[in-house]
1. In nm, what is the difference between 0.36 nm times the number of residues separating residue 217 and residue 73 and their Cα-Cα distance?
2. On a 28 Å Cα-Cα criterion, which of the cross-link pairs 38/116; 172/236; 172/217; 38/217 come out too long?
3. Residue 241's amide H: which non-local residues (gap 5+, or another chain) put their own amide H closer than 5 Å, with H modeled 1.01 Å from N in plane and none for Pro or chain starts?
4. Mind running the shape call on the stretch 161-253? Use the C-alpha gyration tensor, a ≥ b ≥ c as the square roots of the eigenvalues: rounded below 1.5 for a/c, prolate if a/b tops b/c, oblate otherwise.
5. Cβ neighbours within 10 Å, averaged per peptide: list 53-63, 171-181 in order, most packed at the top.
6. Calculate the length of the line joining the C-alpha centroid of the stretch 1-67 to that of the stretch 176-239, in whole Å.
7. For residue 168 and residue 1, calculate 0.36 nm times their separation in residues minus their Cα-Cα distance, and state this gained length in nm to one decimal.
8. Using θ = phi - 60° and the Karplus relation 6.51 cos²θ - 1.76 cosθ + 1.60, list the HN-Hα couplings for the stretch 37-47 in order, rounded to whole Hz, with x at every Gly or Pro.
Amino acid sequence: IPGSRIAQFLGIFRGVRRQTATAREVISRLPMPTEYSKIVVDGPGKHRTKRAEICNLEVGQVLVQVAFAGVSQAALRTMCLRPEHGAGFPMVPGREYSGIMIGSLNGAGNPRTGWKVAGLRTAGCGDCPACDAGDPHWCSNRNRSGSDGAYTGALALTPSEVHRLPMRMSRKQGASVGTAARCLDGLYRLGVEKGRSACVVGAGPVGNLCAQILQRKGVHVTVVDSQIRWLGHLFKYDVNTLSELGELRTFDY
């Protein structure tokens with residue numbers, strides 16, 4: 001038995017290493033794409049597909065070929081905003097993405113070609129107090145910096161903007177990692193405990209993920225949303241759903 005277990009472990013270890021090495025070798029042989037497509041929004045209700053050439057990377061940048069991008073209500077609302085409401089047109093929307101690392105320049109840090117990666121695009125203006133403090137997601141002038149969002153075929157990023165996905169996770173699942181991380185961060189700050197009760201206001205993607213995580217942690221969850229179609233996605237989970245907001249003092253969170 002010990003001998004067979006050792007052989008099993010060595011087989012798995014060598015197989016995973018070989019798979020990783022083979023993937024890198026195949027990707028290294030592929031020609032670097034010279035152009036890509038992106039969705040450009042010129043104004044409320046006006047969008048088009050544009051072909052663009054891949055620019056030369058700067059020192060410290062990596063190139064990611066986008067596989068999937070998350071479609072959020074925030075992005076859809078931004079497409080309908082008027083310029084005076086804060087949306088700088090033309091713009092390339094989209095926040096969450098997943099893809100493959102296909103290139104890097106010397107000094108780009110740890111990311112390697114062939115990695116499955118995911119991340120959030122929180123492009124800021126670079127001049128406001130939030131950007132100076134390293135918090136571009138609080139920028140009041142987002143989408144005016146000229147940086148592309150995730151609705152594009154390729155992104156030139158810094159290593160801090162990409163996060164490696166585990167081998168077992170698909171790129172399609174990876175496009176939701178950013179939202180899940182936001183939920184986990186908020187619940188960690190809240191310090192939820194098993195056996196308590198929580199009310200999640202809003203049954204959209206973020207509320208849905210929060211409800212699932214809370215339920216897995218042993219918390220009694222109630223989700224409130226006036227949109228019945230959003231609540232319908234929660235019926236397969238062991239959570240309570242309400243269409244009207246009631247007394248909140250009955251909940252611990």
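Read the figures in this text as sums done on the coordinates, not as results from a lab. In this text, all values refer to a predicted model and were calculated from it rather than measured experimentally. Heads up, the Cβs are rebuilt from the backbone with ideal geometry, glycines too, and the neighbour counts pull from every protein chain shown.
1. 49.1 nm
2. Among 38/116; 172/236; 172/217; 38/217, the Cα-Cα distance tops 28 Å for 38/217.
3. So residue 241 has HN proximity to 223.
4. Prolate is the answer for the stretch 161-253, as a/c is 1.5 or above and a/b outweighs b/c.
5. Numbers: 53-63: 14.6, 171-181: 17.8.
For the peptides 53-63, 171-181, the packing ranking is 171-181, 53-63.
6. Each part's Cα centre sits 32 Å from the other's.
7. Result: 57.3 nm gained on full extension.
8. Each residue of the stretch 37-47 in turn: 9, 8, 8, 10, 9, 8, x, x, x, 10, 9 Hz.
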